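Data first, discussion second: the structure below is written as structure tokens.
The values are calculated or read from the model by the stated rules, or taken from the named source; none is laboratory data. Everything numeric in this text was worked out from a predicted model, so none of it was measured. Note that each Cβ is placed from the backbone with ideal geometry, even for glycine, and that neighbours are counted across all protein chains shown.
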């Protein structure tokens, strides 16, 4: 038996085994779910032609919407073993990197075109939808980077072709289903950073905080192994490909980087932290008869001898113990099998599976200003009343803020299993017509366990010393009023374990026919009209349930209850497309084609919706002109419709809190602060406040209209230049106004629509204490209001030439953003409308210019690649275009009040990253690749807590320093 024959046998066997493994547990579901299948998103295929954005099958078809491509070799030369690590670097997408998100992370990777949200970006693999993750948006962790042939980024609404969610565009991962042979690769990567930031090290030294210094060595290490097997069988009538991959990366802590080892204050001028500290802080107040002035309140803390002093103790530095890069481990398996029985019957099967484990770790839990009412005669208070001047005999209202340093950090572990099975058949019908019918079933199961968070209903009892008849089993006194009085055993007695289980499914049935009508316009010779007619049905289900303590909001550090959610949505659709040649082979136009599409969708929850497209594609020889207008939608998801309403945290400051509020007395009165309490409202140094959030069953689909116009210049086979203008307008956006927007514009305008949504604590008038009906919060429920206008230009270039005995090639992708106008309150308060283009603020982070470029040289057995990533400058301005001054690290000193301490230039400056890699073959079958990204070891831009999204950094930039990577591949 020849080696090749053995290879083919092994490929088929491996594909079948892996395919079966990927579909474990799906057999019964497939049998039950007679209804699903997804050819809906399948890109048109004819021989080797696959065009994202249309199902028209023709060897001459081209997209009227702009499509950027990422080729497979880019993953190798950038050291990207996860698809998100490369794709999200492209300027059309938001630079979000899941592994460098911690507190509040979804725990899985997504893509977001134009930064307008992952829910507005349709994500496909080989033209088929991915299953929804635990947060409903699609999890791209299931996509194996080792098998990606290319990635198509279609920027422009595509709901007429693919249905809901393609309101901004489509990201389509095309896998290599023609792979031949065996490929085995192993990789290793790590970060390295020189901790030499003198500014923040000085702040840490001033606080007595430890700080890393010098070379970090290799950390945040990742390892991967990828196996791919493929080959033809049955004399070329069939082909099977299968893969199995493993990837693991170690955690990286904020304490391992000097610029993240303390939590900066909002101004960035000091290491801040939380008033819920290790020793314990307190807020006491009395009111009513017998109290001088009717009210007395004070912050307080303990002295080492057990006496009390006025003022909080040192804030707790919660940063070092937080994950900076989260650890995760993932296994993926999958296969593609296709077989041509004859030209009329070609069945195919795709299976994909991922098992992923990930963790989130944040600072310790504790009593987060736990409320209780005491009497000065109570011995647990010690000398508090005498030391602080409170009146005996009057109830002493007490808030306790004590960090659980005795019990360790809060951690949540997430294990997710996700699979997708696509089964279909395609074939020729004769006379230029073809059909495609497919079924898709996909499901995700996510189980999350949380550890070391306090159970709120136990804290008061333990602080009171476990009183008989009013305590819980296993209670141990939690002696917060005694220095060092809390034991690890007492802390353990207060801790609980949370559990959350989420199940999602996606079913889809899709069928369409396409072909040549045999009809052409009278003046067009040899240019028949091609059409597609099809139908689709989809159903998604979502079910999540938590333990009873989570449902009741009983975990002190959770920020609110985790309520159950169960629901399903379905849609029935018919669709059509037409490619109508308007001109062929004229003096000036080689081809001018009209691109049409229409889809009628009938949703069980929100009724009917129409989507359509009109495009033109003109081939002028060296030039190709393309333009189109797309009307697209995003239907509300299950969470949008059915999320239970609850209290949750949001990041932001209360502008009416603290001794010197940001806003005026009258503005704060608008938000509910009485004039006589101005300057006395407590502030939360952790930079978090309460909001009241939840779904709305009356939501309607968002509607988006996209106009694009582009030119492609192809003077030679070696050079291609492109420029595409895009104009996106989304109306009736689904979502909440935003707690900070409500608060700010209530204060500025006194608008009753907004101010009715600001509900302050009736006693202290803050927005962060408590998690019940009397707590301060901003009501921020979902609805259909809001508009977004997004305009810009995409530029692309590719050029190849021979020189120095080898071949050079360059590629360039850049995006210039002209406008990102967001109107959270259209028709209610136009003053809330703002433009984010080129700005950074608590509401914005949008670059006017981003690009990614590479220069590659290949000769004989080796290749060298030089990469350049660029982030444009961001102006530090508010929604009205006025320079902001809160963050002193960025604002500019212009000699006016409030700017004297500014240290910056009024912007986050432009960033350039240079990457270098090289690969070489050793013999015919072995290839080694080595590289380093961010050669200069640039730190991310340092900002205060109001702008930071990860540690003290702005998100999207390289977070951890230099990135070294290497791999070895064996291909046979």
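Within the stretch 128-155, being over 21 Å from residue 73 (Cα atoms) and crowded, with 24+ Cβ neighbours inside 10 Å holds for 128, 129, 130, 132, 133, 134, 138, 139, 155. In summary, strands (runs of 3 or more DSSP E) completely within the stretch 856-932 and bearing 1 or more residues that are within 29 Å of the chain's Cα centre (by Cα) and within 30 Å of residue 968 (Cα to Cα) occur at 862-871, 911-922.
For the stretch 197-227, the set of residues classified as part of a strand (DSSP E or B) and either in contact with a helix residue (DSSP H, G or I) (Cβ under 6 Å, 6 or more places away or on another chain) or closer than 28 Å to residue 268 by Cβ (or both) consists of 214, 215, 219, 220, 226, listed by residue number.
One residue alone among 619, 643, 654 is over 34 Å from the mean Cα position of the chain (by Cα) and at negative phi, and that residue is 619. Number of residues in the stretch 474-510 that are touching a helix residue (DSSP H, G or I) at 6+ places or on another chain (Cβ under 9 Å) and part of a loop (DSSP other than H, G, I, E, B): the value is 9. Confirm whether residue 437 is buried (at least 23 other Cβ atoms within 10 Å of the Cβ), touching a residue at least 60 places away in the same chain (Cβ under 8 Å) and assigned to a strand (DSSP E or B). Answer is no for this residue. Sub-8 Å Cβ pairs linking a first residue in the stretch 302-327 that is at positive phi and in a strand (DSSP E or B) to a second residue that is modelled with pLDDT of 95 or more and surrounded by 21 or more Cβ atoms within 10 Å (Cβ to Cβ), at least 6 apart or interchain, number zero. For the stretch 273-301, the candidate set comprises residues that are surrounded by fewer than 14 Cβ atoms within 10 Å (Cβ to Cβ) and not in a loop (DSSP other than H, G, I, E, B); within that set, the residue that is farthest from the chain's Cα centre (by Cα) is 292. Just one residue in the set 799, 790 is buried (at least 19 other Cβ atoms within 10 Å of the Cβ), modelled with pLDDT of 90 or more and farther than 30 Å from residue 557 by Cα; that residue is 790.
As for the stretch 396-404, it holds at least one residue that is in a loop (DSSP other than H, G, I, E, B) and buried (at least 16 other Cβ atoms within 10 Å of the Cβ).
Does residue 473 satisfy the criteria of being at negative phi and modelled with pLDDT under 95? Judged against the criteria, residue 473 is a match. Mind listing whichever residues of the stretch 364-395 are part of a strand (DSSP E or B) and either touching a residue at least 40 places away in the same chain (Cβ under 8 Å) or on the phi > 0 side of the Ramachandran plot (or both)? Answer for the stretch 364-395, where residues must be part of a strand (DSSP E or B) and either touching a residue at least 40 places away in the same chain (Cβ under 8 Å) or on the phi > 0 side of the Ramachandran plot (or both): 364, 366, 367, 368, 369, 370, 371, 372. Here the stretch 735-755 is the region considered, the condition is being surrounded by fewer than 20 Cβ atoms within 10 Å (Cβ to Cβ) and in contact (Cβ under 8 Å) with a residue 12 or more places away in the chain, and the residue that is nearest to the chain's Cα centre (by Cα) is 735.
Results for (1) crowded, with 22+ Cβ neighbours inside 10 Å; (2) more than 21 Å from residue 274 (Cα to Cα); (3) modelled with pLDDT of 95 or more, shown as yes or no for each residue.
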residue	(1), (2), (3)
420	yes, yes, yes
427	no, yes, yes
432	no, yes, no
462	yes, yes, yes
502	yes, yes, yes
509	yes, yes, yes
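Among the residues of this structure, residue 608 does not count as one that is touching a strand residue (DSSP E or B) at 6+ places or on another chain (Cβ under 8 Å), buried (at least 22 other Cβ atoms within 10 Å of the Cβ) and either closer than 22 Å to residue 577 by Cβ or at pLDDT 95 or above (or both).
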